[in-house]
1. Suppose we keep just the DSSP beta bridges with both residues in the range 75-320; what percent of those would be antiparallel, to 5?
2. What whole number of Å gives the distance from the Cα centroid of the range 182-207 to the Cα centroid of the range 213-271?
3. Let me have the relative contact order for the range 95-221, percent, based on Cα pairs under 8 Å that are six or more residues apart.
4. Beyond 24 Å between alpha-carbons counts as too far, so tell me which of 107/189; 107/267; 267/301; 86/301; 86/322 fall in that bin.
5. I want to verify a result. In a Gaussian network model of the chain, Cα cutoff 10 Å, which of these has the top mean-square fluctuation: 119, 101, 154?
6. List the relative contact order of the range 238-284 as a percent without decimals, with contacts defined as Cα pairs under 8 Å and 6+ residues apart.
7. What residues have an amide H closer than 5 Å to that of residue 130, excluding those fewer than 5 places away on the same chain, when H is modeled at 1.01 Å from N in the peptide plane?
8. Which ³J(HN,Hα) values in Hz, rounded to whole numbers, follow from the phi angles of the range 304-309 under the Karplus curve 6.51 cos²θ - 1.76 cosθ + 1.60, where θ = phi - 60° and Gly and Pro get x?
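Nothing in this text is a laboratory measurement; each read-out follows from the coordinates by a stated rule. Please read these numbers as outputs of a predicted model, since none were measured by experiment. Using ideal geometry, Cβ is built from the backbone for each residue, glycine included, and neighbour counts are taken over all protein chains shown.
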Amino acid sequence: MTFNRRTLLTASLVLPIASTAAAKEVWTRPAGMAPDTSAALWPEGHITPPPGLIEQVVQRSDDPNASDRMLERISRPRLDIFRPAKPNGAAVILAPGGGYRYVVVDKEGYELARWLRDRGVTVYVLFYRLPGDGWTNGADVPLADAQRAVRLVRRRAGTDGIDPARVVFGGFSAGGQVATSLLTRFDAKAYAPIDAADTLSARPDALAAIYPVVSMDPAIAHAVSREKLIGANPDAAREALYSPERNTRADQPPLWLLHAEDDSVVKVDNSVRLREATRAVGAPVEAHFFERGAHGFGLMKTAGLPVAIWPELLWNWLGSHKIV
């Protein structure tokens, strides 16, 4: 059966993925949007999904020219890989958002992946496990997947034509919480080593957080992400452990932050606090705050606004750190 973008949009909005074969149909067919390949994060049989956890794609857009999918109930964490025609050696891992309820596919994943790929970057879109889906030690599974992703990308350096010393991790919204957790806990023992990839460092060479969920302080936290990650009534120690702004360190990667002041979903205070905490420990940080943009603007919802320049600002910052 052949799928194109219109076929997917006019089909049922909920597309269950019950097997690898079914996943291939959904993930590799939309014309012009497809990754080149997909790599599992974990060896076959290493992780056991909770009973009844079956992935499904939900299409949220009725515009055939603007796909907006989300992936729920992730049971097969993986990297979807976009390879440039002429790799420049840089690698970027992207963790899209979704409030720890799902992972956005297009708006915060494939769209930026294609933009970076066209500039020579090899891009890996990370579909990480969600803490509320019943995994053992659920609060740590996003961080474990992020650590594993960085290590696996470095392990694949020869295959993918990238420099293992030029690996960037970027995250949007709740994916920004995944990213900023990795920023400060890249060497935490989130999982037991399983193969040669796990001998490699999980510290990215640079890290970008775009309108990120950061803090678990209820005064500024994104309430849904907080509850999914650490529960409704965490104690003070648990709240602190999962609040990256309270765990900054001098040896963390260079950090780039982007947020709109009028974000009513994830308060700009999340980025402000992380910037100040990063400065306090003497680690490098660059932050951009825009008057307007709201939440979840990605690449496509910035038309006519000054924030539309953000991808170029990020690109120039990556250049200043000799990534691109």
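1. For the range 75-320, the DSSP antiparallel bridge percentage is about 15.
2. 20
3. 27
4. Pairs exceeding the cut-off: 107/189; 86/301.
5. 119
6. Details: 36 pairs, mean separation 22.9, N = 47.
Reported relative contact order: 49 percent.
7. Those lying under 5 Å, H to H, from residue 130 are 74.
8. The phi angles translate into x, 10, x, 5, 4, 7 Hz.
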